[in-house]
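Asker: Shown below is the structure under consideration.
The values are calculated or read from the model by the stated rules, or taken from the named source; none is laboratory data. The shown structure was predicted, so the numbers you read here are calculated from the model rather than taken from an experiment. Ideal geometry is used to build each Cβ from the backbone, glycine not excepted, and the neighbour counts take in all protein chains shown.
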Amino acid sequence: MSEEREKDAETEGGTATPGFADAVIERPESLGASRPTVSLHLLVKNGESVVGRLLENVGPYVDEVVAVLNDCEDGTEGVLEAWGREPGRTVDLVRVTRESHPDLYIMDEAETYDCGRPLAGERFEGPFTGKKILADWATARNLGWRRCTKDWRLFLDADDVVLDPERIPGLCKVLGEHGVDVACSLYHFHVDVEGRPLGSSFRERLARGAAKQVRWAYPVHEVLVGDNKRSHVEGSLLVQDLRDNRGKDVRIPGRGFKVLYQYARARDWAVSPRILVNLIMEVRLLVQSGAPLVSFMQSLLDTYLARSTWPEERAWAIAMVGEMLERDDAFEDASKLYRASLAEHPGSKTAFRLARVRFKAEDWRGCVEAHALGVENRGARQVLDDGEALGVAGEILVAAAWDELGEKEKARAACDAAIASYPKNVPLKELREKIG
């Protein structure tokens, strides 16, 4: 199974190289013989509906595809092989199945999760499917990762798109000139109807091929680890998860939680903070679907906070529990957690969450103040938990809050700003007419 580290290369290793921020990213056609070669690394399950789009997106800028096919039962393999038949392209397929790699799987049945000891007396009651789940994504990835042969390895998911793929070769050249081994770039995993990110973070995307010590770790939500020089890239290699892979319909419900929960219990909860914080994220998703796990979440958060020393990740964990309480209409308890999160790290998104919950609690002044704090905090780097659209949407709440406070001039200004962001929002226009 995957090795763990207390600190993750994904986010804690970003070093600012002098002059790197001002580096010129050359166009692919101007690079000539100095153009670095790139391997595209994929782990894909039933991605026939999306992998062709990804190849159209980044195919002109990569020289090789190394794909780990996880229990594929559709035409993904054929799409990849067709791409590899073009001159100058190669495709290397690694097949990981329940039969070929049984040690990477667990059985989705009650007995699997009744190992070790519970964290807080809980008993996980499913539902269970009686099927095998891939339970070590990092090891599966590494089977393909170490077979990449080019100068750089580019990591993407099959339903991702790169918004500026033409910058990949030039970016690789700049990274190489500055001795960078791993580069993280912005990842938008949830956007609003206008394309503004509701959820975004930095995620590793490029690794230098010669950095052999770089590998994948953790059973799910895997990250790259290894002693190396890292950088966060802003302004290039912007990735958006379109979340439209039809293959996801065959996924086992709650698979991420199930894998992590079994992993932690089998080790009597002697696991790293990263495993615990990912469990918090997965519990939050299960609670969204109606699973009765809210009380377990508090014990999980307490255990995590007793072990973690990374302020931004601590802030993220606390805010996730706050969102659960907010969904249960526990507005005051949610507000306390959002404030505790902000005390750990000045996140803009958490301040906007606080503005939202104060509005729900009819604390109009608190809503306005929290939103202003979110705007102020936008200058702080948000590696883990960001999303500008939450602040834009909060402009609507601020307009309504100023109206409730009787501050008509401020309400009009806020409403006009919100209308500029949401010109088709009818209730917002009605509010503007009400304000006068």
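Asker: Checking MET281 against (1) farther than 25 Å from GLY130 by Cα; (2) part of a helix (DSSP H, G or I), only one condition comes out false. Which one?
Answerer: Against the list (1) farther than 25 Å from GLY130 by Cα; (2) part of a helix (DSSP H, G or I), MET281 comes up short only on (1).
Asker: Report, by residue number, each residue of the stretch 243-282 that is at pLDDT 95 or above and of a type in the set (Asp, Glu).
Answerer: ASP268
Asker: Also: GLU323 - would you say it is surrounded by fewer than 24 Cβ atoms within 10 Å (Cβ to Cβ), under 19 Å from SER299 (Cβ atoms), in contact (Cβ under 8 Å) with a residue 24 or more places away in the chain and not assigned by TED's automatic domain parsing to the domain that holds HIS188?
Answerer: Numbers: surrounded by fewer than 24 Cβ atoms within 10 Å (Cβ to Cβ): yes; under 19 Å from SER299 (Cβ atoms): yes; in contact (Cβ under 8 Å) with a residue 24 or more places away in the chain: yes; not assigned by TED's automatic domain parsing to the domain that holds HIS188: yes.
For GLU323, the condition - surrounded by fewer than 24 Cβ atoms within 10 Å (Cβ to Cβ), under 19 Å from SER299 (Cβ atoms), in contact (Cβ under 8 Å) with a residue 24 or more places away in the chain and not assigned by TED's automatic domain parsing to the domain that holds HIS188 - is met.
Asker: Could you tell me which residue of the stretch 349-406 is nearest to the chain's Cα centre (by Cα), considering only residues that are of a type in the set (D, E, K, R) and part of a loop (DSSP other than H, G, I, E, B)? Spell out how you get there, then give the answer.
Answerer: Taking the stretch 349-406 as the starting set, the residues that turn out to be of a type in the set (D, E, K, R) are 349, 353, 356, 358, 360, 362-363, 365, 369, 376, 378, 381, 385-386, 388, 395, 403-404.
When the remaining residues are screened for being part of a loop (DSSP other than H, G, I, E, B), the result is 362-363, 378, 381, 385.
Details: GLU362: 32, ASP363: 32, ARG378: 19, ARG381: 16, ASP385: 9 Å.
Top of the filtered list is ASP385.
Asker: Let me ask something else about it. Among the candidates ALA351, ALA414, which residue alone is out of contact with any strand residue (DSSP E or B) (no Cβ under 6 Å at 6 or more places or on another chain), surrounded by 20 or more Cβ atoms within 10 Å (Cβ to Cβ), of a type in the set (Gly, Ala, Ser) and farther than 28 Å from LEU305 by Cα?
Answerer: Details: ALA351 fails: farther than 28 Å from LEU305 by Cα.
Going through ALA351, ALA414 in turn, the sole match is ALA414.
Asker: In this structure, is ARG5 modelled with pLDDT of 95 or more and in contact with a strand residue (DSSP E or B) (Cβ under 6 Å, 6 or more places away or on another chain)?
Answerer: For ARG5, the condition - modelled with pLDDT of 95 or more and in contact with a strand residue (DSSP E or B) (Cβ under 6 Å, 6 or more places away or on another chain) - is not met.
Rundown of residues vs (1) among the charged types (D, E, K, R); (2) more than 17 Å from GLU369 (Cβ to Cβ), yes/no style:
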| position | (1), (2) |
| --- | --- |
| GLY406 | no, no |
| ALA411 | no, no |
| ASP416 | yes, yes |
| VAL426 | no, yes |
| GLY436 | no, yes |
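Asker: Another question about this same structure. Which residues, counting only those in the stretch 331-347, are within 14 Å of CYS367 (Cα to Cα) and of a type in the set (Ser, Thr, Tyr)?
Answerer: Listed by number, the residues that qualify are SER335, TYR338.
Asker: Restricting attention to the stretch 419-436, report how many residues are polar (S, T, N, Q) and more than 19 Å from GLY391 (Cα to Cα).
Answerer: Qualifying residue count, the stretch 419-436: 0.
Residue by residue, here is whether (1) of a type in the set (S, T, N, Q); (2) under 26 Å from GLU48 (Cα atoms) holds:
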{"site": "GLN213", "(1), (2)": "yes, no"}
{"site": "ALA217", "(1), (2)": "no, no"}
{"site": "VAL225", "(1), (2)": "no, no"}
{"site": "SER231", "(1), (2)": "yes, no"}
{"site": "SER236", "(1), (2)": "yes, no"}
{"site": "ASN245", "(1), (2)": "yes, yes"}
{"site": "ILE252", "(1), (2)": "no, yes"}
{"site": "GLY256", "(1), (2)": "no, yes"}
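Asker: For the stretch 31-55, enumerate the residues that are within 15 Å of ALA82 (Cα to Cα) and of a type outside the set (Val, Ile, Thr). Write out each step before concluding.
Answerer: Of the residues in the stretch 31-55, the ones within 15 Å of ALA82 (Cα to Cα) are 47-55.
GLY47, GLU48, SER49, GLY52, ARG53, LEU54, LEU55, listed by residue number.
Asker: When you scan the stretch 48-67, do you find a residue that is among the aromatic types (Phe, Trp, Tyr), within 26 Å of VAL214 (Cα to Cα) and either at pLDDT below 95 or buried (at least 16 other Cβ atoms within 10 Å of the Cβ) (or both), even just one?
Answerer: Quick first cut of the stretch 48-67, residues among the aromatic types (Phe, Trp, Tyr) only: 61.
Pick out the ones that are also within 26 Å of VAL214 (Cα to Cα) and you get 61.
Restricting the remaining residues to those that are either at pLDDT below 95 or buried (at least 16 other Cβ atoms within 10 Å of the Cβ) (or both) gives 61.
Yes: the stretch 48-67 contains one or more residues that are among the aromatic types (Phe, Trp, Tyr), within 26 Å of VAL214 (Cα to Cα) and either at pLDDT below 95 or buried (at least 16 other Cβ atoms within 10 Å of the Cβ) (or both).
Asker: Can you name the number of the only condition in (1) touching a strand residue (DSSP E or B) at 6+ places or on another chain (Cβ under 8 Å); (2) without any contact (Cβ under 8 Å) to a residue 40 or more places away in the chain; (3) surrounded by 15 or more Cβ atoms within 10 Å (Cβ to Cβ) that LEU143 fails?
Answerer: Condition (2) is where LEU143 drops out.
Asker: I'm trying to understand the selection: among the residues of the stretch 335-345, which are within 17 Å of ASP302 (Cβ to Cβ) and either over 22 Å from the mean Cα position of the chain (by Cα) or not charged (D, E, K, R) (or both)?
Answerer: The first filter runs over the stretch 335-345 and keeps only residues within 17 Å of ASP302 (Cβ to Cβ), leaving 336-337, 340-341, 343-344.
Within the stretch 335-345, LYS336, LEU337, ALA340, SER341, ALA343 qualify.
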